[in-house]
Amino acid sequence: MKEKATLQPVRRRFIQRAVQTLAGVTLFGLKPAVLAQATAPGSNLARSPITDPDAALRELTLGNLRFQQGQMTHPDNTLERRTLVAAKQQPYAIIFACSDSREAPELIFDEGLGDLFVIRTAGHVLDGAALGSLEFGVAELGIPLLVVLGHERCGAVTATMDVVERRALAPGNIETLVAAIRPAVLYGKGEGAARVDQVVRANTALTIQRLQRSAILAEAVERGKLKIVGGHYDLDTGAVSFGVTLPE
């Protein structure tokens, strides 16, 4: 696919400043020319398989920037790509995300067929099947990056907070979700949206702690073959911030 004309200087400077505000981007030392090319409307750049965790995180960051600015390139959605990945997949990142319909990983990171290995449960609650899927992605596919992706105003989190406050039980198997998210509620301070945000972030950080107990994942991290990071998706802006930790 031919690239469209490069961005106008003013827009280019705006995008460059926006990239620098995203957590972790400055670690990668992006050159302005590379950034402008990656965010140019209609670009669909060919790339080699990504095996480095930091390179994978940079790719996600650039894709999310395109999504925020409405400059999606929709890569890897061609007939040729479908034929290629039918024979073998080489996704560069695992996204363990909430099932929320507004948080579709392939869309918010502007990726296509074979790029992301996605596992989703409400509140990204970790169970045996989810953990086994994550371990499979690392052990069998060699994926170098695992992102636990929470999001603003998570319904599973707010439902858990409500059940905990009422000292009640959730109906049916929804209680399974509540039981898993419940420890994060203890980290919520204050009231309203700020408290919900703290619990959402705590739930992401606690999920990462549980993943670190996996022998398969821990070994890959120790060998430098895998990085596990927490992400937070803003429903209003479309921005993903990385580096989520437990609220103090």
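The values are calculated or read from the model by the stated rules, or taken from the named source; none is laboratory data. Predicted model, so just to flag it, every value in this text is computed and none were measured. Cβ placement follows ideal geometry from the backbone for every residue including glycine, while neighbour counts extend to all protein chains displayed. Calculation scope for accessible area: heavy atoms of the full protein, side chains included, ligands and nucleic acids excluded. Shrake-Rupley method; radii C 1.70, N 1.55, O 1.52, S 1.80 Å.
Structure data summary
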| quantity | calculated |
| --- | --- |
| Pairs with Cβ under 7 Å, 6+ apart, first in the stretch 232-243 and closer than 13 Å to G70 by Cα and in contact (Cβ under 8 Å) with a residue 12 or more places away in the chain, second open to solvent by 20 Å² or more (accessible area, probe 1.4 Å) and not β-branched (V, I, T) | T237/Q68; G238/F67; G238/Q68; A239/Q68 |
| Test: residue in the stretch 171-181 that is open to solvent by less than 70 Å² (accessible area, probe 1.4 Å) and within 19 Å of the chain's Cα centre (by Cα) | yes |
| Subset of the stretch 187-220 [under 21 Å from D127 (Cβ atoms) and without any contact (Cβ under 8 Å) to a residue 24 or more places away in the chain] | Q209, Q212, R213, A215, A218 |
| Subset tally (residues that are in contact with a His (Cβ under 7 Å, 6 or more places away or on another chain) and in a loop (DSSP other than H, G, I, E, B)) for the stretch 138-157 | 0 |
| Scan of the stretch 83-103 for residues that are among the small types (G, A, S) and surrounded by 13 or more Cβ atoms within 10 Å (Cβ to Cβ), ordered by number | A93, A97, S99 |
| Selected residue (criterion: farthest from L60 (Cα to Cα)) from residues of the stretch 114-124 that are hydrophobic (A, V, I, L, M, F, W, C) and in a strand (DSSP E or B) | I119 |
| V200 closer than 30 Å to M72 by Cα, open to solvent by less than 50 Å² (accessible area, probe 1.4 Å) and in a helix (DSSP H, G or I) | yes |
| Filter result for the condition that a residue is under 17 Å from I119 (Cβ atoms) and either among the β-branched types (V, I, T) or within 19 Å of the chain's Cα centre (by Cα) (or both), over V221, V229 | V229 |
| Of all residues in the stretch 142-155 being open to solvent by 10 Å² or more (accessible area, probe 1.4 Å) and in contact with an Asp or Glu (Cβ under 8 Å, 6 or more places away or on another chain), the one that is farthest from R182 (Cα to Cα) | E152 |
| Qualifying residue in the stretch 57-72 (condition: buried (at least 16 other Cβ atoms within 10 Å of the Cβ), among the β-branched types (V, I, T) and not in a loop (DSSP other than H, G, I, E, B)) | yes |
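Here is a yes/no grid of residues against (1) at pLDDT below 95; (2) part of a helix (DSSP H, G or I); (3) under 25 Å from A184 (Cα atoms); (4) touching a Lys or Arg at 6+ places or on another chain (Cβ under 7 Å):
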site	(1), (2), (3), (4)
S99	no, no, yes, yes
E103	no, no, yes, no
E106	no, yes, no, no
G112	no, no, no, yes
L126	no, no, yes, yes
L131	no, yes, yes, no
F136	no, yes, no, no
